[in-house]
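The values are calculated or read from the model by the stated rules, or taken from the named source; none is laboratory data. Keep in mind the model is a prediction, meaning the values are calculated, not measured. Here the Cβ positions follow ideal geometry from the backbone for every residue, glycine too, while neighbour counts run over all protein chains shown. The area values use the complete protein model at the heavy-atom level, side chains included, leaving out ligands, DNA and RNA. Shrake-Rupley method; radii C 1.70, N 1.55, O 1.52, S 1.80 Å.
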Amino acid sequence: MIVIEAIFEASADRRSDFINLALRTMAASQQEKGCLLYRFSADLEHRNRFTLIELWDTDEDLKAHFCSDAFKRFFAELPGKGTPASSVAWKGPLVPFALSQL
């Protein structure tokens, strides 16, 4: 499993354009093979900051995503609407966890 957290800053005057782009990208990416989670979320403290959380089953699935129309279109349309601020990724096995065990 591969987990990616990417932070984006939307341009203040194009925030709604960024949101529309994120929604389209999210919908398309969630249909890709090996995509277990692909979700943009708004930051509660910073109005124009958005966090993307991705969870991919395999390296091959993530590599295919990087070649996908959704990925390419997102970064082609991003300039003017927003900018990447940071990203981090983790790789390794994930095991189910029951909150009731706490």
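Filtering the range 61-102 down to residues that are among the basic types (K, R) and open to solvent by 60 Å² or more (accessible area, probe 1.4 Å), which residue is modelled with the lowest pLDDT?
Restricting attention to the range 61-102, the residues satisfying the condition of being among the basic types (K, R) are 63, 72-73, 81, 91.
Pick out the ones that are also open to solvent by 60 Å² or more (accessible area, probe 1.4 Å) and you get 63, 72-73, 91.
Working: K63: 98, K72: 98, R73: 98, K91: 95.
Filtering the range 61-102 for residues that are among the basic types (K, R) and open to solvent by 60 Å² or more (accessible area, probe 1.4 Å), the one modelled with the lowest pLDDT comes out as K91.
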Conditions (1) closer than 23 Å to V95 by Cα; (2) open to solvent by 60 Å² or more (accessible area, probe 1.4 Å); number of the one not met by A12: (1)
Qualifying residue in the range 33-41 (condition: within 13 Å of A10 (Cα to Cα), touching a strand residue (DSSP E or B) at 6+ places or on another chain (Cβ under 6 Å) and surrounded by 13 or more Cβ atoms within 10 Å (Cβ to Cβ)): yes
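Can you tell me which residues in the range 44-60 are open to solvent by less than 20 Å² (accessible area, probe 1.4 Å) and more than 14 Å from V3 (Cα to Cα)? Don't jump to the end; show me each part of the working.
Within the range 44-60, the subset open to solvent by less than 20 Å² (accessible area, probe 1.4 Å) is 50, 52, 54, 56.
Once the filter is applied, which keeps residues that are open to solvent by less than 20 Å² (accessible area, probe 1.4 Å) and more than 14 Å from V3 (Cα to Cα), the range 44-60 yields only F50.
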